[in-house]
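Notes to accompany the following structure.
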Amino acid sequence: MDLVRRRGPAGRDVAAVWVWRLVREPFTAQTWRRTAYAVTAFPVGAVCVPLAATGLPTGRWQRGLARRLLGAEIPGGPRSGLVHALVALPLNLISAVVTLYGWSIVPMNLGWPLRAGGDPAGAWGGPTFAGAWAFHAIVGGLGFLLLMPCVVRALTGLQLRWARTALA
């Protein structure tokens, strides 16, 4: 009698499928397209603010960015891209900063011995060099590698929700 493991529809182990998806997620194209959207939405929005104020159709550009990188179809509406660009600018800035910082933590901690001032005596996982490197690589490197796709998915979900509200 198997009390711990649940079997899915095709007799697959549900926990094993979930772990496989979690481990595979950082290496999918969709994750990197979401990351590209989270990073590029801020500069595109910043350029769209003055251009939309002059009357250019910046809503079409913002819908095109969401369609190309997120695969989201946002119907064209009568609203201007100026409202979206102005209100989404703080959200896009936060998304870009969190995304860039979160992904930069991965190589920074995997390559912990290469960082300046890497004295293992005072580092987490120290006082040995191997312990400090292992701690930084596992917690900071692999931990953030598995965490960042979920963070980026949440941030781009918020951005897409606002784009659908403001541009439709």
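Quick notes on this structure:
- Scan of the range 124-157 for residues that are of a type in the set (Ser, Thr, Tyr) and either under 20 Å from Val23 (Cβ atoms) or outside any helix (DSSP H, G or I) (or both), ordered by number: Thr128
- Out of Val17, Val49, Val97, one residue alone is in contact (Cβ under 8 Å) with a residue 40 or more places away in the chain and either among the β-branched types (Val, Ile, Thr) or part of a loop (DSSP other than H, G, I, E, B) (or both). It is Val49.
We did not get these values from a lab; they are worked out from the coordinates using the rules stated. Everything numeric in this text was worked out from a predicted model, so none of it was measured. Positions of Cβ are generated from backbone atoms using ideal geometry, with glycine treated the same way; all protein chains shown enter the neighbour counts.
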